[in-house]
Amino acid sequence: MVAKSRGIPLTTLLLILFLSAIVPTSLSDQVLNSKNPRPSSSASSLGSSVAFQIKGNVYPLGYYTVSLAIGNPPKVYDLDIDTGSDLTWVQCDAPCQGCTIPRNRLYKPNGNLVKCGDPLCKAIQSAPNHHCAGPNEQCDYEVEYADQGSSLGVLLRDNIPLKFTNGSLARPILAFGCGYDQKHVGHNPSASTAGVLGLGNGKTSILSQLHSLGLIRNVVGHCLSERGGGFLFFGDQLVPQSGVVWTPLLQSSSTQHYKTGPADLFFDRKPTSVKGLQLIFDSGSSYTYFNSKAHKALVNLVTNDLRGKPLSRATEDSSLPICWRGPKPFKSLHDVTSNFKPLLLSFTKSKNSLLQLPPEAYLIVTKHGNVCLGILDGTEIGLGNTNIIGGEQNFRYQ
């Protein structure tokens, strides 16, 4: 979910790392099962990391989630991870309109509201149409997403207990939203999650709050498996020492997104007419979106390459706009990927910085046994010239 431009200017450089599509079992166990935790008496755990298990998939669910404990005693909430927006929010027992979970799973405020004069409130209410009646009034928020979904609520603070990979425990008091009016509009059905874990780089992001407390460095990464699931981490302790290349993020005064580029598209290792793409990394978007011109060029490349192969357009399959059927229904991507060529994004301002997208990273197999292109035309949903790399892409760097 790419939030509409209601955020603050990009003031710090955060590094976002997308790892291999294959999650080794030993690595997942090492990351998610640290032993012998010890309480942290200091807020200084800088250099350590926090890791979360990811659940979900691109299809048929259309989202990825992590579990986050909030409160004292803590209550666990499943949240949709979203690097395209800042604010973390949970559905609120206030009462709640548009909520999708039972009332006993809603968050109940307990006098822990953030006041309107708080710096974090000023950050989230930076848009001209937000006004405080007084500095001691409650801090209202409204976040709108590019798919026309939204959440309206109040900002509050509570304990969020975290277990670090160095074994320490911390219970920082962090700000998040309590949403009492949610709207969902989009290609996928409304998620049954309790809210959104906003991982953008604005001041209200939990990531930024943890960094400002000296608990982590400004690094967020996730590893998504093509089989579904994976893990998410905050901090730099889990960044691999080798096998990773870096490309700088673009700093902008008008967006809080993780944006990079320019990048040129290669098809089967050959250059194409698609050049100079600026890209936003957005884990909350189920699919990748190219602008209309780039998308049309990609579709033509794929379509022309499929000539003479045992695939034909499956126009009756409405799962995604462009699908193909084979001689018999496909059971998995492994049945069909040999018919498709790899894609590659070359970042022109970074030496040898290549982002590989094998067929497994841009195709899905539907419940009808057809294969569909998971890169969509963003112009059709109002994104204009914006290009989004979504959670569907399981990246491999070279």
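The values are calculated or read from the model by the stated rules, or taken from the named source; none is laboratory data. This is a predicted model, so every value here is computed, not measured. When we count neighbours, we look across all protein chains shown, and the Cβ atoms used for this are built from the backbone with ideal geometry, even at glycine. Ligands, DNA and RNA are excluded from the accessible area calculation, which covers all protein heavy atoms including side chains. Shrake-Rupley method; radii C 1.70, N 1.55, O 1.52, S 1.80 Å.
Results, tabulated for the structure shown:
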{"item": "Tally of residues being touching a Gly at 6+ places or on another chain (Cβ under 9 Å) and not in a loop (DSSP other than H, G, I, E, B) across the stretch 346-367", "result": "5"}
{"item": "Restricting the stretch 280-300 to residues that are more than 25 Å from P60 (Cα to Cα) and touching a Leu at 6+ places or on another chain (Cβ under 9 Å), the residue that is surrounded by the most Cβ atoms within 10 Å (Cβ to Cβ)", "result": "A294"}
{"item": "Some residue of the stretch 39-50 being at pLDDT below 50, touching a Phe, Trp or Tyr at 6+ places or on another chain (Cβ under 8 Å) and open to solvent by less than 60 Å² (accessible area, probe 1.4 Å)", "result": "yes"}
{"item": "Hits in the stretch 100-127 - residues which are aliphatic (A, V, I, L, M), out of contact with any Cys (no Cβ under 8 Å at 6 or more places or on another chain) and not in a loop (DSSP other than H, G, I, E, B)", "result": "A123"}
{"item": "Given (1) open to solvent by 20 Å² or more (accessible area, probe 1.4 Å); (2) outside any helix (DSSP H, G or I); (3) among the hydroxyl-bearing types (S, T, Y), index of the condition T303 fails", "result": "(2)"}
{"item": "Scope the stretch 362-382; condition of a type in the set (G, A, S) and out of contact with any helix residue (DSSP H, G or I) (no Cβ under 6 Å at 6 or more places or on another chain); matching residues", "result": "G369, G378, G382"}
{"item": "Selection status of S273, closer than 29 Å to I124 by Cα and either more than 23 Å from the chain's Cα centre (by Cα) or outside any strand (DSSP E or B) (or both)", "result": "no"}
{"item": "Count - residues of the stretch 306-340 that are outside any helix (DSSP H, G or I), surrounded by 16 or more Cβ atoms within 10 Å (Cβ to Cβ) and of a type outside the set (A, V, I, L, M)", "result": "8"}
{"item": "Candidate set: the stretch 136-155, residues that are among the hydrophobic types (A, V, I, L, M, F, W, C) and surrounded by fewer than 21 Cβ atoms within 10 Å (Cβ to Cβ); chosen: the one farthest from G284 (Cα to Cα)", "result": "V154"}
{"item": "V143 vs. criteria touching a Gly at 6+ places or on another chain (Cβ under 9 Å), in the same structural domain as K55 (by the TED database) and either modelled with pLDDT of 90 or more or within 27 Å of H222 (Cβ to Cβ) (or both)", "result": "yes"}
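Results for (1) closer than 13 Å to L376 by Cα; (2) of a type in the set (A, V, I, L, M), shown as yes or no for each residue.
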{"position": "H295", "(1), (2)": "yes, no"}
{"position": "L298", "(1), (2)": "yes, yes"}
{"position": "L306", "(1), (2)": "no, yes"}
{"position": "S312", "(1), (2)": "no, no"}
{"position": "S318", "(1), (2)": "no, no"}
{"position": "C323", "(1), (2)": "yes, no"}
{"position": "P327", "(1), (2)": "no, no"}
{"position": "F330", "(1), (2)": "no, no"}
